[in-house]
Amino acid sequence: MSNPLREAVPSTGSLMSLIVKICGLSTPESLDVALEERADMVGFVFFPPSPRHLALDSARALGARVRGRAQKVALTVDADDALLESVVDALQPDMLQLHGKEPPARVPELRKRFGLPVMKAIAVAAEADLAAVTAYAVVADRLLFDARAPSEATRPGGLGKAFDWQLLENLDPGVPFMLSGGLDPGNVSEALRITRAGGVDVSSGVERAPGQKDPDKIRAFVRAARQASERLARTSPVPRGEKARGAEPN
């Protein structure tokens, strides 16, 4: 029996640009580099166990610095409403990213409460993990496939660990999706070639140490991703990860 999530990709359609997200930004300097390189999304982490955790005062200052040049994404992990309200008030994000074990019902609940699109992360280690796609694809505005963290890990992402990208080959969840987990300037081209994801999300892959972004690596990643996207556009005009709904407007 065929998997309804794995369908042939149409050979025609309008070209849509790759979405590049730099996540875990915590300083004006690193944010400015991401904006100068025209990253589409800039991510801010609100999760204390992470070395990229951002205090609300810092989030307010960094958020104001963006000035509409990219979408601001607030990443939380199983956050309650009180924390999310504080984050939204401080950052004024364009999107919420749920990176924990939030159930499908939580997604439309938060979209309605805050009036913001929601991206849901799905942890992947084996094909069986893709079973969650069906439930989340009908409620989320965007999916993010990340490597499943080891059981002993203190956080669910940002560990610099990749998963088998071939698990996403020919995947069509019916909603825009992004790829994360272990990406860096050297492998993002291959990751895109295999998955045809409509977006890529990097954090540890552009750092010199956990939580410390490297400006040169940010530049290299964005440029490598853009170049890979341009090459693929000549052979696959519609990225699978974007063909369903397209990228949200800035």
Handout entry: Built amide H within the under 5 Å cut-off of V124, gap 5+
Key = D146, A147, R148
Problem - Considering only region 19-233, percent of DSSP beta bridges that pair antiparallel, nearest 5 - result: 5 percent
Exercise for the section: Compare the peptides 85-97, 59-71 by average per-residue count of other Cβ atoms within 10 angstrom and give them in order, highest first. Expected result: 85-97, 59-71
Fill in the blank from the handout: Once phi for every residue in region 180-192 is put through the Karplus expression 6.51 cos²θ - 1.76 cosθ + 1.60 (θ = phi - 60°), the whole-Hz ³J(HN,Hα) values, with Gly and Pro written as x, are 9, x, x, 6, 7, x, x, 10, 5, 5, 5, 4, 5
Handout entry: Cross-link table K72/K217; K101/K217; K101/K161; K120/K217, entries beyond 23 Å C-alpha to C-alpha
Key = K101/K217; K120/K217
Exercise for the section: Read phi for every residue in region 206-215 and hand back ³J(HN,Hα) as whole Hz from Karplus 6.51 cos²θ - 1.76 cosθ + 1.60, θ = phi - 60°, with x for Gly and Pro. Expected result: 10, 10, 8, 7, x, x, 10, 6, 9, x
Handout entry: Distance cut-off 24 Å, percentage of C-alpha pairs in region 19-233 lying past it
Key = 36 percent
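Since every read-out is calculated from the coordinates, none of them should be taken as a lab result. Not measured: the values here are computed from a predicted model. For neighbour counting, all protein chains shown are included, and Cβ atoms are generated from backbone atoms with ideal geometry for every residue, glycine included.
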